[in-house]
Amino acid sequence: MGEAAIEVVHVGSASRDLTRDDPRGWRLGGGATYAALTTARLGLRTAALIGVDDATVEARELDLLR
């Protein structure tokens, strides 16, 4: 049997939210990022197409979406 179909797709661009809680001085943010994480945590099969800049392309937050 194949994989289940994607139920939700989020499309948008990420932002870098400034914070003192992270050694980088920022954390990955933006509406598409948070919406994708939320629907995935709710158990929906989620896909996300999120634009990021060079500084965020290796952000550990993206591993949560992979």
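Okay, here's what the table says:
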{"quantity": "Rg/Rg_ref, the chain, where Rg_ref = 2.2 N^0.38 Å and atoms are Cα", "calculated": "1.19"}
{"quantity": "Solvent-accessible area per residue for the chain (1.4 angstrom probe, square angstrom)", "calculated": "72 Å²"}
{"quantity": "Helical mean residue ellipticity (222 nm; -39500 (n - 2.57) per DSSP H run of 4+; nearest 500) of the chain", "calculated": "-7000 deg cm²/dmol"}
{"quantity": "Accessible carbon and sulfur surface of the chain relative to its total accessible area, %, 1.4 Å", "calculated": "54 percent"}
{"quantity": "Tilt relative to the chain, helix 31-41 - C-alpha long axis, 0 to 90 degrees, to 10", "calculated": "50 degrees"}
{"quantity": "DSSP-defined beta bridges in the chain - what % are antiparallel, rounded to 5", "calculated": "40 percent"}
{"quantity": "Amide H within-cut-off set for GLY29, under 5 Å, with H built and near neighbours excluded", "calculated": "SER15, ARG16, ASP17"}
{"quantity": "Cβ-placed point charges (K, R +1; D, E -1), dipole of the chain about Cα centre in debye, nearest 20", "calculated": "140 debye"}
{"quantity": "Inter-site label distance for LEU64 and LEU18 at 7 Å from Cα along Cβ, in nm", "calculated": "2.2 nm"}
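The values are calculated or read from the model by the stated rules, or taken from the named source; none is laboratory data. Predicted, not measured: the structure shown is a model, and the values here were computed from it. Heads up, the Cβs are rebuilt from the backbone with ideal geometry, glycines too, and the neighbour counts pull from every protein chain shown. Please note that ligands, DNA and RNA were not included when accessible areas were found on the heavy atoms of the full protein model with its side chains. Shrake-Rupley method; radii C 1.70, N 1.55, O 1.52, S 1.80 Å.
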